[in-house]
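Following: one structure in structure tokens, then a few remarks.
The values are calculated or read from the model by the stated rules, or taken from the named source; none is laboratory data. This structure is a prediction, so every number in the text was calculated from the model and none was measured. Side chains included, ligands, DNA and RNA excluded: accessible areas come from the protein's heavy atoms. Shrake-Rupley method; radii C 1.70, N 1.55, O 1.52, S 1.80 Å.
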Amino acid sequence: MSGNSGYILVIVIGVFLLGGLTFMNLRKISKTTADLTQLKKRTLLWTEISLALFVLQLFFRDAQGGFLLFFGILTLFTGAHYLGVLYYTRKKGK
């Protein structure tokens, strides 16, 4: 396996793992009876941090863009969690 295809394989596996983790977490959040206010604040904070790192990396990236891709995937992961928590918070009416 050449270096480039190994790099792509690691990215695909990482995206699938994070997607599975997001799915499992959102299923647990949908069944909880706890107050989701603090979780909503924390997921928003981490989404903002990952988005800021993504934008910084976008402006100061190297030729390969590996960190840009990493922070982009991280932003999608944290953003999906935030939107899921926001949806279930509004659905429960709290």
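So the values come out like this:
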| quantity | calculated |
| --- | --- |
| Accessible area of the chain divided out per residue, in Å², using a probe of 1.4 angstrom | 74 |
| Against the rule of thumb 2.2 N^0.38 Å, how large the Cα Rg of the chain comes out | 1.28 |
| Radius ratio Rg over Rh of the range 1-47, counting only Cα atoms, Kirkwood formula for Rh | 1.22 |
| Acute angle (nearest 10 degrees) that the helix 3-31 long axis makes with the longest principal axis of the chain, alpha-carbon atoms | 0 |
| Portion, in percent, of the accessible area of the chain that falls on carbon or sulfur, probe 1.4 Å | 72 |
